[in-house]
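Report on one structure; see the data block that follows.
The values are calculated or read from the model by the stated rules, or taken from the named source; none is laboratory data. Worth saying up front: this structure is predicted, and the values here are computed from it rather than measured. All Cβ positions, glycine included, derive from the backbone under ideal geometry; neighbour counts span all protein chains shown.
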Amino acid sequence: MSDATAKIPATIAPPRPAASDRLKFYGIWIAAALALLVLPKLFSSGGSLTTFSLIGISIIFSLSYNILLGQTGMLSFGHAVYYGLGGFLAIHAINIIARNKFAIPLPLVPLVGGAAGLVFAMLLGWVSTRRSGTAFAMISLGVAELVASSALILRTFFGGEAGVSANRTKVLRLFDWSFGPQIQIYYLVAAWTLIAVIAMYALTRTPLGRMCNAVRDNPERVQFVGYDPHIIRYIAFCFSGLFAGIAGALAAINFEIANSAYLGAVQSGTVLFATYIGGVGFFIGPIVGAIFVTLLSLGLSDLTQVWQLYFGLIFIAVVMFAPGGITGLLMMHRPLLKAGTLGQVLPSYLVAFIPTLAMITGLMLGIETIVHFTVNPGEDSHIKAFGIPFDAANPAIWVVAAVLLIGGFMIARRTWARVAASWDDALTTAREKGVAA
Amino acid sequence: MSTAIELRGVEKTFGITSVIRNVNLTVAQGERHALIGPNGAGKSTLFNLISGYMKPSVGSILLRDQVISGLPPFQINRRGLSRSFQVTNVFAKMSVWENLRCAVLWATGHRYAFWKNVDNLPEVRDRTAQILQDINLVSRRDVPAGLLTYAEQRALEIGITIAGGADVILLDEPTAGMSHAETERAVALIRRLTEGRTLLIVEHDMSVVFGLADRISVLVYGQIIASGTPEEIRGNPKVKEAYLGEEAA
Amino acid sequence: MLELIVISTLNGVLYGMLLFLMASGLTVIFSMLGVLNFAHASFYMLGAFFGFQISRWFGFWPALILAPLLAGALGAAVERYGLRHVHKNGHVAELLFTFGLAFAIEEIVQIIWGKSPVDFRVPPLLDFPAFTLFSTNYPAFKIFMLVVSIVIFIGLLVVLKRTRIGLIVQAALTHPHMVGHLGHNVGRIFMLVFGVGTALAAVAGVIAGPALVTQSNMAGLLGPILFVVVVVGGLGSLPGAFIASLLIGLVQTFAVSMNGSLAGAFGPLSPDYAATWLSDIWNVTVAQIAPIMPYLLLVLILIFRPMGLLGTRDT
């Protein structure tokens, strides 16, 4: 038995990161910054710049949401409130700055949005965070409805249905940047994204950030190590509001308008979808989710009329089969990759891929055909969904869809069992080789 | 000797059932005090009352002569009283290291700080390492608490309880479900870790109780029927009748 | 004035009973399965649309029976093949599953029936004024709605107090942790409870559909109010849900019929402030803020009684 009063060997605590680890850590951030700088050189079209800007905004918003869901275990159905208020305040700020010719340049306007998000989170959060779990989720929904409905009453401030618009080029110019062209907006968003991501990552490494995780895992025990879970939830909520406000302000700058949709249930739902699909268990999960969902919603809306349905189905599938989201799925393979047993599972993936794809194709064919008859019954039955033309009026389509869907499901079910089995084998082998899961 | 914990006429009723009835109990500073009694006697409820998890229906509880009954658990903890749980109650997804560190943060004054890097706090680091070594889990430092063995989780449970440096410790059946060898190790651990502190322990294993405790109180049907040194308790006819009798038989 | 009070009380009680028809199922499901069914209002909407479709084919009366059965069967299937699968991932995953479901159901309803309101009419048999009060004709269909909800309310009470299933549900309401120890058929009880709960919501949909507007956004409009009801009443408390349903029903109905505003009470605002947000607040009528009344009530309740009116359970 060791002597308790003896000096603690330095090896007990986790090792301090070695110089090479630190270099790697800072290298990642520098690489990210460089990538953001170079990106517009590679994809310079106005469309892709807009897409990048939207992705950046969505990354900040999703990460701010994950401070609640992933870090502190609070499921919010009303996070868009702080995003939207940040947006409205930013638009008003631009107008006020332009009217009074204040010496405030556009890149500082997101701070106004952040402050708005923070202040409203401080006001509304105190009551919301008194409860956790399901009650918190319902309260967040109620508060969101309250704010969204009030926004329609306070027409002078929120501009009613039409919203409030502003001209972002009318504020003080820095270095002759007018912030008219999308490329300049891109760099503005990129810089703020980098700042916000670093800040939110740093937050997870603080005493508060660690206690957020503790509240998520076991709010009861937290009370017996000296902490008030309500206060922890409240501070986390305030930070979340701050960053959501910054995201909303950037969105408002990007579109030069803020309207009631910014505050609405759809916006709250979208950030929840993006964060969860990306994966709440890892810091980069929401980043992955923001990129995936933004691209998906832009891409799918070109391919099919009912893209929102597919969106919902993808979300349900993730909740049912991949609760760790995309990042969780990828991270599952890390021990296999380290142990070199990844090769064991890949063949079973390939086998499972074909019937699963058939099943999904059958489902989509069925949906698109039904959509043709219910949504556009009068139009030509030769429709094109996902770029593939087919004749919806042809009865054979129903048969094909049914065969693909049912047949695919029957076969796919067996292959999934095989995937699970070979995955377990590979993980066991990896564990035997001494790789921790 | 001054008193660490004092219960004055404490009662607890759930609806019409009264679980704790007029309990008066004093635990002196630095004393190891065991609370024994048959199942359902209200031992865990008494712990819940002292630690602030529940509020007494009647009566008051004092910690070092200050009333603590009615305060929320975290304020009682901040005044230097810490408890463990009968059912292991750790932060399952976090590593052993993180679990202990969370228990150290408040006591080291970092509270809700969001401007400090938690990895760069030397006193937090040293103290966490100390506890980790004390509970013999150094080799399991980076394992998520949910994946530990039962005995290891119990050790972590004790570690979290003492990590904040509270000088009044309440342990709720720390050796329940352990093998003989594990129990021996746990008792040695408890003895060592509570050196110089006040300990109130609920325990079923009589060898543990009589080996560890300076004083023992016997709780039967929500009432303390006897309180005294192990010898006094052993010789007390009321205790024999109500409790030890069945064990000895 | 008296006319207003009587009619508003009738309407408020009616609206409250409709809310309770849904809130009761939601509460029982929450108590037993531990999951708040976010898609509960979606089953109300499905009830309305199924009711509309079936009454087109076979008439209103078959629809009143068939639509809830269909929606209930669908609900049971959702529990059996969806929720049960998600259960192991915890309550957040369950809540998210029902959230995704609500989203998908709204999309599907839009695909099948479109975004505009459908023409779901009051059956001719009930399309007459039941009585005339002062000068207002009170439609017979509303009386019918009230009767249906009260009959179901009494039916629920009888089931809860007199049957074995009812005893199990009652036990679950007071001791939610004991549900796991019910025995082997716990899965079937869950499925049944979910099915019946969603069927009740669908009944509300069928009878509310002709009186209100049957449209693909009806779930989105009603859902949040429903959740306010269960939080204000106290999560998991059936009597609490009942009181909160009536309270919100009455508050909202009375608010809608009032035209008072600050401007009405204190005279018009000085023209200096005409273009500021103050004038919005000054001139808004009670009727206009009726939609936000439930949420204001929610915030007030949370400040003064965080657990809800009759709630005892956290989460």
Taking the stretch C:54-75 and keeping only residues that are farther than 18 Å from C:MET22 by Cβ and buried (at least 18 other Cβ atoms within 10 Å of the Cβ), one is left with C:ILE54, C:SER55, C:PHE60, C:ALA63, C:LEU66
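Can you give me the number of residues within the stretch A:45-67 that are touching a residue at least 40 places away in the same chain (Cβ under 8 Å) and either of a type outside the set (Ser, Thr, Tyr) or more than 13 Å from A:ILE287 (Cβ to Cβ) (or both)?
Residues flagged as touching a residue at least 40 places away in the same chain (Cβ under 8 Å) and either of a type outside the set (Ser, Thr, Tyr) or more than 13 Å from A:ILE287 (Cβ to Cβ) (or both) within the stretch A:45-67 amount to 16.
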Please count how many residues of the stretch A:209-232 are within 18 Å of A:SER128 (Cβ to Cβ), hydrophobic (A, V, I, L, M, F, W, C) and facing chain B (nearest Cβ under 9 Å).
2
Within the stretch B:33-56, tally of residues that are surrounded by 23 or more Cβ atoms within 10 Å (Cβ to Cβ) and assigned to a strand (DSSP E or B)
3
Are there any pairs with C-beta distances below 8 angstrom linking a residue in the stretch A:364-393 that is modelled with pLDDT under 80 to a residue that is among the aromatic types (Phe, Trp, Tyr) and in a helix (DSSP H, G or I), with the two at least 6 apart or on different chains, and if so which?
A:ALA392/A:PHE373
Considering (1) under 14 Å from C:LEU296 (Cβ atoms); (2) at pLDDT 95 or above; (3) among the small types (Gly, Ala, Ser), say which one A:GLY142 fails and leave the rest.
(2)
Scan the stretch B:186-199 residue by residue and report those that are surrounded by 17 or more Cβ atoms within 10 Å (Cβ to Cβ), within 14 Å of another protein chain (Cβ to nearest Cβ) and touching a residue at least 40 places away in the same chain (Cβ under 8 Å).
B:LEU189, B:LEU193, B:THR194, B:ARG197
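Report whether or not B:SER139 is farther than 23 Å from B:GLU203 by Cβ, of a type outside the set (A, V, I, L, M, F, W, C) and over 18 Å from the mean Cα position of the chain (by Cα).
When the stated conditions are applied, B:SER139 passes them.
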Test A:ALA191 against the stated conditions and say whether it is in a helix (DSSP H, G or I), away from chain B (no Cβ under 11 Å), under 30 Å from C:VAL231 (Cβ atoms) and of a type in the set (Gly, Ala, Ser).
no
For the stretch C:210-315, please list each of the helices (runs of 4 or more DSSP H) lying entirely inside it that holds at least 1 residues being out of contact with any strand residue (DSSP E or B) (no Cβ under 8 Å at 6 or more places or on another chain) and free of Cβ contacts under 8 Å to residues at least 12 places away in the same chain.
C:218-233, C:262-266, C:277-283, C:293-304
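Tell me the residue from C:LEU238, C:LEU296 that is under 30 Å from C:GLY51 (Cβ atoms) and under 21 Å from the mean Cα position of the chain (by Cα), please. Before you say what the answer is, go through the steps one by one.
Numbers: C:LEU296 fails: under 30 Å from C:GLY51 (Cβ atoms).
So the residue among C:LEU238, C:LEU296 that is under 30 Å from C:GLY51 (Cβ atoms) and under 21 Å from the mean Cα position of the chain (by Cα) is C:LEU238.
A quick yes/no check of all residues on (1) over 20 Å from A:VAL143 (Cα atoms); (2) in the same structural domain as A:GLY366 (by TED's automatic domain parsing); (3) at pLDDT below 95; (4) surrounded by 20 or more Cβ atoms within 10 Å (Cβ to Cβ):
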{"position": "A:ALA252", "(1), (2), (3), (4)": "yes, no, no, yes"}
{"position": "A:VAL266", "(1), (2), (3), (4)": "no, no, yes, no"}
{"position": "A:GLY281", "(1), (2), (3), (4)": "yes, no, yes, no"}
{"position": "A:LEU300", "(1), (2), (3), (4)": "yes, no, yes, no"}
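Yes or no, residue by residue, for (1) surrounded by 12 or more Cβ atoms within 10 Å (Cβ to Cβ); (2) outside any helix (DSSP H, G or I):
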site	(1), (2)
C:ALA77	yes, no
C:TYR81	no, no
C:VAL86	yes, no
C:TYR138	yes, yes
C:PHE144	yes, no
C:LEU160	yes, no
Of all residues in the stretch A:340-364, count the ones that are farther than 30 Å from A:LYS433 by Cβ and of a type outside the set (Val, Ile, Thr).
7
In the stretch B:85-173, which helices (runs of 4 or more DSSP H) lie fully inside it and hold 1 or more residues that are under 22 Å from A:GLY73 (Cβ atoms) and either hydrophobic (A, V, I, L, M, F, W, C) or within 9 Å of chain A (Cβ to nearest Cβ) (or both)?
B:96-105, B:150-163
Consider A:TYR201 carefully, then state whether it is surrounded by fewer than 24 Cβ atoms within 10 Å (Cβ to Cβ) and more than 14 Å from A:THR129 (Cβ to Cβ).
yes
I need the full set of residues from the stretch A:214-232 which are out of contact with any helix residue (DSSP H, G or I) (no Cβ under 6 Å at 6 or more places or on another chain) and in a helix (DSSP H, G or I), in order please.
A:ASP217, A:GLU220, A:ARG221, A:HIS230, A:ILE231
Quick one: what pairs do we get from the stretch A:233-253, first residue more than 14 Å from every other protein chain (Cβ to nearest Cβ), second among the polar types (S, T, N, Q) and assigned to a helix (DSSP H, G or I), C-beta under 6 Å, 6+ apart or different chains?
A:ALA244/A:SER64
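Across the stretch A:275-289, what is the number of residues that are part of a helix (DSSP H, G or I), more than 13 Å from every other protein chain (Cβ to nearest Cβ) and either in contact with a strand residue (DSSP E or B) (Cβ under 8 Å, 6 or more places away or on another chain) or hydrophobic (A, V, I, L, M, F, W, C) (or both)?
Count: 2.
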In the stretch C:17-31, is there at least one residue being within 14 Å of another protein chain (Cβ to nearest Cβ) and among the small types (Gly, Ala, Ser)?
yes
Would a scan of the stretch C:202-220 turn up a residue that is within 13 Å of chain A (Cβ to nearest Cβ), in contact with a helix residue (DSSP H, G or I) (Cβ under 8 Å, 6 or more places away or on another chain) and over 26 Å from C:ALA71 (Cα atoms)?
no
Residues of the stretch A:128-139 satisfying the condition of being under 17 Å from C:VAL230 (Cα atoms) and either within 7 Å of chain C (Cβ to nearest Cβ) or in contact with a helix residue (DSSP H, G or I) (Cβ under 6 Å, 6 or more places away or on another chain) (or both)
A:SER128, A:ARG130, A:ARG131, A:SER132, A:GLY133, A:THR134, A:ALA135, A:ALA137, A:MET138, A:ILE139
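Residues checked against (1) away from chain C (no Cβ under 12 Å); (2) part of a loop (DSSP other than H, G, I, E, B); (3) touching a residue at least 12 places away in the same chain (Cβ under 8 Å):
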site: A:LEU69; (1), (2), (3): no, no, yes
site: A:PHE77; (1), (2), (3): no, yes, yes
site: A:GLY87; (1), (2), (3): yes, no, yes
site: A:GLY113; (1), (2), (3): yes, no, yes
site: A:TRP126; (1), (2), (3): no, no, yes
site: A:GLU145; (1), (2), (3): no, no, yes
site: A:PHE157; (1), (2), (3): no, no, yes
site: A:GLU161; (1), (2), (3): yes, yes, yes
Restricting attention to the stretch C:111-135, which residues are of a type in the set (S, T, N, Q) and touching a residue at least 40 places away in the same chain (Cβ under 8 Å)?
C:SER116, C:SER135
For the stretch C:300-307, state whether one or more residues are farther than 18 Å from C:LEU26 by Cβ, touching a helix residue (DSSP H, G or I) at 6+ places or on another chain (Cβ under 7 Å) and within 11 Å of chain A (Cβ to nearest Cβ).
yes
Cβ-Cβ under 8 Å, sequence separation 6+ or interchain: first residue in the stretch C:136-148 and touching a residue at least 24 places away in the same chain (Cβ under 8 Å), partner hydroxyl-bearing (Ser, Thr, Tyr) and not in a helix (DSSP H, G or I). Which pairs?
C:TYR138/C:THR132
